[in-house]
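Any read-out appearing in this document is the output of simple, stated calculations on the displayed coordinates, not a laboratory observation. Given the structure is predicted, the values throughout are model-derived calculations rather than measurements. Note that we place each Cβ from the backbone using ideal geometry, even for glycine, and neighbour counts take in every protein chain shown.
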Amino acid sequence: MGFAKYQEDNFSRYYAASIVRGREHDPFVGSGAGAEETKDTKIMQENASKLKDFTVAEARPLPVIVMADVSASMTVGGKIEALNLALKDMVAGFAAESRLRAEIQVGLITFGGERARVHLPLAPAHKISEVSPLRAAGRTPMGSAFEEARRLIEDKDMIPSRAYRPVLVLVSDGLPNDDWEQPLDALCKSERGQKATRFAMAIGADADVEMLRRFANDPESPVFKAHEARDIHRFFRAVTMSVTSRSRSTAPNSNAPLVLADIPEDDDLDLDF
Amino acid sequence: MFRAAAATVIGPSHEAQGSPNQDALRLRGSEGGWFLAVADGIGSRPLSHMGSRLAVRVADKWLRGGLFERPPRDAIQDFYRAWLTALPSNDPSSMATTILAASVREDGRCSVVQLGDGLVLYRSGGDFGVLTGDRAGFANETAALGVTRSFGAWQHTSFVLSQPRDGVMLMTDGLADDLVPERLDGFFDRLIGVAAKRSRRNGKRWLARQLRAWPTPMHADDKTVGLIFRADR
């Protein structure tokens, strides 16, 4: 008996019988007569599709909510430009993730002028095509941003209970000039706000570091102090790393501390533009 | 006459890690009744798979009859103490686990308890019900044996399975969190409808296939579901 005949014999022996085999191990699938689907595979597909009617079609979200200071002082020293670039890179970094365990979502609340506003509603990072540039002007209504963040985090339609613990990121270069203490307490003590991981960055010497310390709750990630625009980028790169490592982890609810990598002075590539 | 089916499968995340299934399942019939327990070992605890296996075994001994013979608080306390005694370690939190248990008597009386996340669905006298309340926090945050001492954290109910296809269904959060809340009754009826047409072994096989081919994208958790129902005749 030649080899071909031997293979045929194996084929007829196994495939005429009602032996259940995984298709991924099936050498005959994909070509010739063996490509026909087995009865069991058909049953499995039919059954799986039936339960789709009862299950949520979206993956568990891992929300990241950024509260960004866009008061007038952010125009100084290229801070707002650095923040725009860092946010763009962060969203792109999240979007590029393989989404193995969780779907990273991003929302952006800005505070500058009279009150905070939602600049980017919470949405899956891979569906965000563009983050429109932030423009800095006016006062620092941080209390209003805390209220906006608390509203969002407590909204079970926006962030369902099946979501992994959200990440709140606060970035500011100045002192809040609205009533911020009560809204900060309300956010940090709210049922869901207290469970969120809260990171904070103080930009420059005028930032209210004590207040930011009250906001941050990850003991392994104290308030990060940015001395120059490039530090903003470092901070957001660390946030990106922390969140993406959680989304890849087998336990996405666990904390991942911020690890701030050094960016050398001559980090830019030698490009002609 | 009552019938039952149940299955547990390891989640893709633990499979990739080479970790054991942290869910546990026990389904036993006797004297025309059934006992069903499912437990979900808390993922962050190193020996939670042992805690969940012990929980369903000890529940069988203490809650099968205990839920009918004693007030719920006493039955639960006896069970909890027996679980603590059975643990091989003196650190219960390292073996923390949820527990959901249902005991059905031949006359149709059914008693159910739940500690921690997961979901209990039931149909009694044709009316559909959900025992489990809304989750307060986020995914994977739960009360558990070995962590929670309060009796108030337990949920308990009793009802009668009087009509054909009345039944009770227990599941761990690997399924529960991915179900559309408005369609829980449809999910309940679909699974009982399929199980009613199959033998217990075929029902188990069918359930296991559904859990392995779970449709929600990026699902990672271990999954366990069990059901007891009144047969059509």
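Partner shielding of B:11-19 amounts to 2, given as the average count of beta-carbon atoms from other chains within 10 Å of each residue beta-carbon. Let a ≥ b ≥ c be the square roots of the eigenvalues of the Cα gyration tensor of the range A:96-190; is it rounded (a/c under 1.5), or, if not, prolate (a/b larger than b/c) or oblate? In terms of gyration-tensor shape, oblate.
About its Cα centre, the range B:2-230 has a charge dipole of approximately 940 debye under the convention of +1 per Lys or Arg Cβ and -1 per Asp or Glu Cβ, with nothing else charged. When each of the peptides A:174-186, B:90-102 is scored by how many other beta carbons lie within 10 Å of its residues on average, the order from highest to lowest is B:90-102, A:174-186.
Would you mind counting up the charge near B:Gly116? Only other residues with Cβ under 11 Å from its Cβ, with Lys and Arg at +1 and Asp and Glu at -1. Neighbourhood net charge equals -3. Projected label points at A:Lys50 and B:Gln17, each 7 Å from Cα along the beta carbon direction, are separated by 3.3 nanometres.
Among B:Lys204, B:Lys61, the order by Cβ neighbours within 10 angstrom, fewest to most, reads B:Lys61, B:Lys204. Separation of the range B:146-170 from the range B:177-233 is 18 Å, based on Cα centroids.
For the pair the range B:78-144 / the range A:134-156, the C-alpha centres are spaced 40 Å from each other.
Per residue of peptide B:213-225, the mean number of Cβ atoms on other chains within 10 Å of the residue Cβ is 5. Exposed loop sites are taken as GluC sites (Glu not before Pro) in a DSSP loop (any state but H, G, I, E or B) with at most 13 other beta carbon atoms within 10 Å; the longest stretch of chain B without one runs B:107-233. Provide the net charge surrounding B:Asp178, with neighbours chosen by a C-beta distance below 12 Å and charges set as Lys +1, Arg +1, Asp -1, Glu -1. That sum, taken over residues with Cβ under 12 Å, equals +1.
Calculate, for B:Ala86 and B:Val130, the FRET efficiency according to 1/(1 + (r/R0)^6) with r their C-beta to C-beta distance and R0 25 Å; round to the nearest 0.05.
0.25
In terms of the Cα gyration tensor, with a ≥ b ≥ c the square roots of its eigenvalues, is the range A:58-149 rounded because a/c is under 1.5, prolate because a/b exceeds b/c, or oblate? It is oblate, given that a/c is not under 1.5 and a/b is not larger than b/c.
Couplings 3J(HN,Hα) for the range B:187-195, derived from phi with the Karplus relation 6.51 cos²θ - 1.76 cosθ + 1.60 (θ = phi - 60°), are 4, 4, 5, 5, 5, 5, x, 5, 5 Hz, where x marks Gly and Pro. Couplings 3J(HN,Hα) of the range B:200-205, computed from phi: 4, 5, 5, x, 4, 5 Hz, in residue order, whole Hz [Karplus 6.51 cos²θ - 1.76 cosθ + 1.60, θ = phi - 60°; x for Gly and Pro]. Between B:Arg64, B:Arg209, B:Arg183, which gets the highest mean-square fluctuation from a Gaussian network model of chain B, Cα cutoff 10 Å? Among B:Arg64, B:Arg209, B:Arg183, the largest GNM mean-square fluctuation belongs to B:Arg183. For chain B, the 222 nm mean residue ellipticity estimated from helices alone, with every DSSP H stretch of n ≥ 4 adding -39500 (n - 2.57) and the total spread over all residues, rounds to -9000 deg cm²/dmol.
Using a ≥ b ≥ c from the Cα gyration tensor of chain B (square roots of the eigenvalues), is it rounded, prolate or oblate, where a/c under 1.5 gives rounded and otherwise the larger of a/b and b/c decides, a/b for prolate? Oblate.
Peptide A:187-196 shows a mean partner chain C-beta count of 1 within 10 Å per residue C-beta. Using the Cβ-Cβ distance between B:Ser158 and A:Ser245 with R0 set to 41 Å, the FRET efficiency from 1/(1 + (r/R0)^6) comes to roughly 0.35. Averaged over residues, the count of other Cβ atoms within 10 Å places the peptides A:73-83, B:3-13 in the sequence B:3-13, A:73-83, highest first.
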